[in-house]
Amino acid sequence: MDYRVAFRTALENIRSEGRYRVFADLKRHRGAFPRATWTKADGSESDVVVWCSNDYLGQGQNPVVLDAMHRAIEEAGAGSGGTRNISGTTHYHVELERELADLHGKEAALLFTSGYVSNEATLSTLYKILPGLVVFSDALNHNSMISGIRAGKREQRHVFRHNDLAHLEELLAAADPAAPKLIAFESVYSMDGDIADLPAMVALARKYGAMTYLDEVHAVGMYGPRGAGVAERDGVMDQIDIVEGTLGKAFGVMGGYIAADAVIVDAIRSYADGFIFTTSLPPALAAGAAASIRWLKEHDEVRTAHQERAATLKAKMRAAGLPVMDSVSHIVPVLVGDPVHCKMISDILLEDHGIYVQPINFPTVPRGTERLRFTPSPAHTDAMMDALVAALETLWVRCNVARVGGMAA
Ligand code: PLP
């Protein structure tokens, strides 16, 4: 058998649907976020403005973070040298876990190599610790949560309609009252930019004796007076049993974590394969993340500026008649509704306008809701926004995408 035929066919299937992914080769300019150099396939270069980074606040360029990382490399070298169990627990890891526990008002925190790993490892491990566990999962939960939840048997997993508390309650009420239960959900949903009703969610959890597992990946650093997330903003941090976050988005570095009661963290530390059997984060990443968290705890004005930038971009786009989707967060999704158009608009923005925003297609979002997802940061200026909106207005006509009010069909 020629195995390559199967691989070629798999790729052709994706290409024929217009969702073959092409990576943009970018080099960010230190200290000049959100500017970057784009290296094209032919080796030539041009400058672009990045509009889709999840380094939401530009912390990956904050000198405080860079200094901490440089210092850690000078002091401790490059890698950590092993798993946490085998010489991979450095002072940097211990300090970062303390910083995270303090951020979320929890007794302890546990680091993983990414947010993805933290979700998958923790959720799958909960079935080992709580025999008969039944998990209730929001329909739009991230792939990493779904992957962890799938470790349970079919009868241990229920999916409730996105943010639909009535449906969740129906499922909770129908479950065995004696079974241990967990509600797994996110605060900010990153593709639509909507936010869960956390007070209502924790009230339901209390009513049915369920634990709560909250993914704050798209909220940590950005919401709440110290940047602990939406649970902090909404005053329910103490009612979330396990909070999960990333160090790779608003904190600007890399890695993931959970924070919870010490006994929960200790049990996950002791049972989770995705924690135990992998080399820990390099000390410099841990040092950079700790510096970033510490700095953001003290700089609420960055969060205010971030929200203002997002509101301004939404207003400018709406004024231009662009179909901005309803988003109550910092995320600005613009509906295209077709994968080929979406990719085409993204390509032309990059080639002709020096604007980088990648197309978001299936399976990241449902078919027919393909979109461009903009993430304005405090460093995106009015002039950048005006240039973006002007380019989109031209392209909306050129690519024949229907606009709000039917101005172009
Ligand atoms: N959870 C959510 C909701 C996400 O959107 C992502 C990544 O985009 C992750 C978890 C994974 O985080 P990380 O990028 O740190 O692996």
Beyond 24 Å between alpha-carbons counts as too far, so tell me which of Lys249/Lys297; Lys40/Lys343; Lys249/Lys314; Lys128/Lys181; Lys106/Lys314; Lys181/Lys249 fall in that bin. Lys106/Lys314; Lys181/Lys249
By how many degrees, between 0 and 90 and to the nearest 10, does the Cα long axis of helix 198-207 differ from the longest principal axis of the chain? 30
Can you give the helix-only mean residue ellipticity at 222 nm for the chain, where every DSSP H stretch with n ≥ 4 adds -39500 (n - 2.57) and the sum goes over all residues, rounded to the nearest 500 deg cm²/dmol? -13000 deg cm²/dmol
Local net charge near Val332, Cβ-Cβ under 12 Å (Lys/Arg +1, Asp/Glu -1): +4
Measuring from its Cα centre, region 199-324 shows a charge dipole (+1 at each Lys and Arg Cβ, -1 at each Asp and Glu Cβ) which, in debye to the nearest 20, is 560
Rounded to the nearest 5, what is the percent of antiparallel bridges among the DSSP beta bridges in region 7-119? 100
How high is the FRET efficiency between Asp326 and Lys27 when r is their beta carbon distance and R₀ equals 25 Å, given to the nearest 0.05? 0.10
Dipole magnitude of region 93-133, debye to nearest 20 (Cβ charges: Lys/Arg +1, Asp/Glu -1, about Cα centre): 220
Normalised contact order of region 346-388, rounded percent, pairs of Cα under 8 Å and 6 or more residues apart: 28
The chain - percent of accessible surface contributed by carbon and sulfur, probe 1.4 Å: 55
Degrees separating the helix 339-353 axis from the principal Cα axis of the chain, which is the longest one: 70
If the elastic network links every pair of Cα atoms under 10 Å, which of Glu155, Glu393, Glu97 fluctuates the most in the Gaussian network model of the chain? Glu155
From the Cα gyration tensor of region 122-278, with a ≥ b ≥ c the square roots of its eigenvalues, which class applies: rounded if a/c is under 1.5, or else prolate if a/b is larger than b/c, or else oblate? oblate
In a shell of Cβ-Cβ distance under 14 Å around Ser44, excluding Ser44 itself, what net charge do Lys and Arg (+1) and Asp and Glu (-1) give? -3
So, with points 7 Å from each Cα along the Cβ direction, the Val263-Ile73 label distance in nm works out to 4.4
Compare Met384, Met222, Met191 in a GNM of the chain, Cα atoms joined below 10 Å, and give the one with the largest fluctuation. Met384
With axes computed from alpha carbons, what is the tilt in degrees of helix 262-271 against the longest principal axis of the chain, rounded to the nearest 10 within 0 to 90? 80
Antiparallel as a % of all DSSP beta bridges within the chain, to the nearest 5? 60
Between the alpha-carbon centers of region 311-356 and region 221-300, tell me the distance in whole angstrom. 31
Could you report the chain's accessible area per residue, 1.4 Å probe, as an integer in Å²? 44
With a 1.4 Å probe and all protein chains in place, put Glu120, Glu370, Glu301, Glu74 in order of accessible area, largest first. Glu74, Glu301, Glu120, Glu370
Simple label model, 7 Å out from Cα along Cβ direction - Tyr3 to Asp102, nm: 5.1
Under 15 Å, Cβ to Cβ, from Asp273 - net charge with Lys/Arg +1 and Asp/Glu -1: +3
Could you tell me the accessible area of Tyr92 in Å² (1.4 Å probe, neighbours in place), rounded to the nearest ten? 40
Length added when fully stretched, Ser46-Val397, from 0.36 nm per residue minus Cα-Cα: 123.8 nm
Can you tell me, using C-alpha contacts under 8 Å and at least 6 residues apart, the relative contact order of region 1-152 as a whole percent? 10
Taking the chain and dividing mean pair separation by its residue count, relative contact order in percent (alpha carbons under 8 Å, at least six apart): 21
Run the dipole for the chain about the Cα centre, Lys and Arg Cβ at +1, Asp and Glu Cβ at -1, nothing else charged, and hand back the magnitude in debye, nearest 20. 700
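The values are calculated or read from the model by the stated rules, or taken from the named source; none is laboratory data. Every value quoted in this text rests on a predicted model; they were computed, and no experiment measured them. No Cβ is skipped: glycine too gets one built from the backbone with ideal geometry, and neighbour counts run over all protein chains shown. Accessible surface areas use protein heavy atoms only, side chains included; no ligands, DNA or RNA. Shrake-Rupley method; radii C 1.70, N 1.55, O 1.52, S 1.80 Å.
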